[in-house]
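The values are calculated or read from the model by the stated rules, or taken from the named source; none is laboratory data. Please read all numbers here as calculations on a predicted model, not as lab measurements. Here the Cβ positions follow ideal geometry from the backbone for every residue, glycine too, while neighbour counts run over all protein chains shown.
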Amino acid sequence: MTDNSTSMISVKMHGKNVSVRLHRIFLNAGVDVIREIAEFIKNKRCRTPFIRDFIKQNSECLRRRQPAKLSINTKGKYYDLSGIYESINNKYFNGKVSAAITWGAKSPRCAVRKRTLGSYSSHTNTIRINPILDKKSVPRYFIEFIVYHEMLHADMGTETKNGRRSVHSKEFKMRERFFKDYERAVAWEKGEMRD
Ligand SMILES: [Zn+2]
């Protein structure tokens, strides 16, 4: 991954090996864009409408020095989301969830709503976790539960609307219960809300 915005994608062949350099913004790309990149690696002459649209949509962030909306930050003060994500992905999804994960921004402009603990955007294939959870008093199993919940959305292809729990099918709710600490996590959240 690079910060090189003059060459967003570069592909080099070395005999049987291929090396690919991609601009960092592609960490937020959805599956259509990723597929097209794969196609492009195989055939540089293929048409790339998704890639072109994606770059166009994100060009504002590219021009800015700090692309606030797209920055990926997994290391919190107490919790590292990438480790949590990896282990849940392996344990419950056979490693097949491909979403990016990040702590949400603390600045008011990009802030997630107060009671929104996590969200998933299918457009950017990104899970955001509210940074209010990044503290000692929040048990690890609860963060894992929120991450697991959003990964279910990523896996099932459903978007969270303002993070409210409105898009939960029967199947979703059933799968949610597979989480090892489900009862404990739900009870902990209830206790927190009361305070
Ligand atoms: Zn949800």
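Computed values, structure above
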item	result
Qualifying residues in region 164-182 (those that are of a type outside the set (Gly, Ala, Ser) and within 11 Å of the ligand (Cβ to nearest atom)) - the one modelled with the lowest pLDDT	Arg165
Single residue of region 113-145 satisfying the filter (surrounded by fewer than 20 Cβ atoms within 10 Å (Cβ to Cβ) and within 13 Å of the ligand (Cβ to nearest atom)) that is modelled with the highest pLDDT	Ser121
Positions within region 47-62 being at pLDDT 85 or above, surrounded by 12 or more Cβ atoms within 10 Å (Cβ to Cβ) and not basic (Lys, Arg), in sequence order	Thr48, Phe50, Ile51, Asp53, Phe54, Ile55
